[in-house]
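Have a look at this one before I ask anything.
The values are calculated or read from the model by the stated rules, or taken from the named source; none is laboratory data. All of these numbers come straight from a predicted model, not from anything done at the bench. Don't worry about glycine lacking a Cβ; one is built from the backbone with ideal geometry, like all the others, and counts go over all protein chains shown.
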Amino acid sequence: MEIFPDYIEGLKDIETASHLIVLYWLHLAKRDVLRTKTPFGPELRGVFACRSPSRPNPIAFCAAKLLSRERNRLLVQGVEAVEGTPLLDLKPYSSELDSFTGIKIGWFNKTKEE
């Protein structure tokens, strides 16, 4: 990922994080879709109940592994984006602060059990 040079000071100490929360804008996604199929079955799901990239406000979130930093460029693993996808924000990921146990998505859990 390439960070605008104006923001390079904001990258100070980022290389001390092993993983980053990456927020980015899915600029090629359809914005008029409210129901969609997922890879987990033929049923239509509301876009707010799944992780479809097509949605009214296509903000994507992922936790990515930071492999290296060279000035304003970050080499990461785990971001599903195309060349030119606008980056919205970065934050260090913390398994102590950002993860929860016992989390579920009802329809997804049922699909896995079947």
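For segment 20-55, which positions are of a type in the set (A, V, I, L, M) and under 17 Å from the mean Cα position of the chain (by Cα)? Steps first, answer last, please.
From segment 20-55, those of a type in the set (A, V, I, L, M) are 20-23, 26, 28-29, 33-34, 44, 47, 49; that's our starting set.
Within segment 20-55, Leu20, Ile21, Val22, Leu23, Leu26, Leu28, Ala29, Val47, Ala49 qualify.
Looking for whichever is of a type in the set (A, V, I, L, M), farther than 19 Å from Trp25 by Cβ and surrounded by 13 or more Cβ atoms within 10 Å (Cβ to Cβ) here; the options are Leu90, Leu74, Leu66, Leu97. Which one fits?
Exactly one of Leu90, Leu74, Leu66, Leu97 is of a type in the set (A, V, I, L, M), farther than 19 Å from Trp25 by Cβ and surrounded by 13 or more Cβ atoms within 10 Å (Cβ to Cβ), namely Leu66.
Filter segment 1-51 down to the residues that are among the polar types (S, T, N, Q) and in contact with a Pro (Cβ under 9 Å, 6 or more places away or on another chain), then identify the one that is surrounded by the most Cβ atoms within 10 Å (Cβ to Cβ).
Filtering first and then ranking leaves Ser18.
Please enumerate the residues belonging to segment 1-47 that are aromatic (Phe, Trp, Tyr) and modelled with pLDDT of 95 or more.
The first filter runs over segment 1-47 and keeps only residues aromatic (Phe, Trp, Tyr), leaving 4, 7, 24-25, 40.
Hits for segment 1-47 are Phe4, Tyr7, Tyr24, Trp25.
Mind listing just one residue for me: the one in segment 87-107 that is outside any strand (DSSP E or B) and in contact with a strand residue (DSSP E or B) (Cβ under 8 Å, 6 or more places away or on another chain) and, of those, modelled with the lowest pLDDT?
Taking the candidates together, the pick is Trp107.
Next question, about the same structure. Is there any pair with a first residue in segment 8-33 that is at negative phi and of a type in the set (Lys, Arg) and a second that is modelled with pLDDT under 95 and surrounded by 12 or more Cβ atoms within 10 Å (Cβ to Cβ) whose Cβ atoms are under 6 Å apart and which are 6 or more apart or on different chains, and what are they?
As it stands, the answer is Lys30/Ser54, since those pairs meet every condition given.
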